[in-house]
1. Go ahead and set up a Gaussian network model of the chain, Cα springs under 10 Å, then flag whichever of Ser90, Ser71, Ser56 fluctuates most.
2. In percent, what relative contact order does the stretch 109-169 have, based on Cα pairs under 8 Å that are 6 or more apart in sequence?
3. Report the label-to-label distance for Ser71 and Glu165 in nanometres (one decimal), using points 7 Å from each Cα along the Cα→Cβ vector.
4. What are the principal axis extents of the Cα atoms in the chain, in Å, biggest first?
5. Once R0 is set to 22 Å, what does the formula 1/(1 + (r/R0)^6) return for the Cβ-Cβ distance between Ser56 and Lys175, expressed as a FRET efficiency to the nearest 0.05?
6. Straight-line reach only, C-alpha to C-alpha below 16 angstrom: list the aspartates and glutamates that Lys76 could link to, leaving out same-chain residues fewer than 8 apart.
7. Cα-based Rg of the stretch 91-175 per 2.2 N^0.38 Å, rounded to two decimals?
Amino acid sequence: MGFMLGWAFYTLSSGLSGDLMAKKAIRDIETGMVFDHIKPGYGTRISDVLKRRLWSEKRCPVYTGEGVKSSAMGEKDFVKLDGPHLEPGSDTLSEIALIQPDITVNWIKKGERTGKKPARECIGDIIHTDLIGCGNTNCIANDEAPGIYEVLDKDSLRVRCHYCERVFEAKYNGK
Ligand SMILES: [Zn+2]
C-alpha cells in the first residue's frame with residue numbers, strides 16, 4: 001500500500017507522466033520485471049496472478065501502479081515484480097497473457113532492461129490455468145479438474161482442451 005500512496009504523491013508532486021513513471025520503475029529495480037501498458041483496472045489482476053503463483057514458494061515484493069497517464073493509452077496500470085525473472089512459456093506469464101495479451105513484459109537486470117516482449121509471445125504451448133473455461137460446458141475442466149489447454153495459435157488464442165479436445169478461442173473468465 002505504501003508504494004501506491006507513494007506513487008500517487010509522486011505523480012501529484014512531480015507531474016511526471018505515466019510513461020516516465022514506468023521508466024523510473026525500471027530503473028528502480030535491481031533485478032525483476034515490469035509489466036507495462038496494462039489496461040486500467042487490470043493491474044491488480046496481474047499482481048494477483050503473480051502473488052498466487054509465486055508466493056507459495058517464496059515471497060517477493062509486487063507493486064501495482066494504477067491509473068497513471070500514458071501517451072499511448074491515455075491511462076494505464078503497471079506492475080513491478082522485484083526479484084524473480086519469469087521464463088517465456090511459464091504458466092505465470094501464460095496466465096498474464098490470457099488476461100491481457102498486449103501487455104509489454106520487461107526483464108530488468110542491474111537496473112537495465114535486458115528483454116522486452118508482448119505478453120502474447122510469452123504464452124506456453126501448454127497452459128495449466130483456471131482463468132479460462134472450456135468451450136464445452138459439460139467438460140470436467142469447468143468444475144472438478146484443473147484446466148489444461150494446448151495452445152494452437154497465439155494470435156487468435158485458439159486452444160484445445162486436454163480432456164474433451166474441444167477447440168475454441170480462449171477468453172479470460174474474469175476470475
Ligand atoms: Zn474440455
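Read-outs: derived from the displayed coordinates by stated rules, not from any lab. On a predicted model such as this, the values are computed, not experimentally measured, just so you know. As a convention, Cβ positions derive from the backbone with ideal geometry for all residues, glycine included, and neighbour counts pool all protein chains shown.
1. Judging by the Gaussian network model, the answer is Ser56.
2. Working: 81 pairs, mean separation 17.0, N = 61.
After rounding, I find 28 percent.
3. The modelled label-to-label distance comes out at 5.2 nm.
4. Principal extents (Cα only, largest first): 55, 31, 26 Å.
5. Numbers: r = 18 Å, r/R0 = 0.80.
Using R0 = 22 Å, I get an efficiency of 0.80.
6. List returned: Asp19, Asp36, Glu66, Asp102.
7. Numbers: Rg = 14.0 Å, N = 85, 2.2 N^0.38 = 11.9 Å.
Normalised by 2.2 N^0.38 Å, the Cα Rg of the stretch 91-175 equals 1.18.
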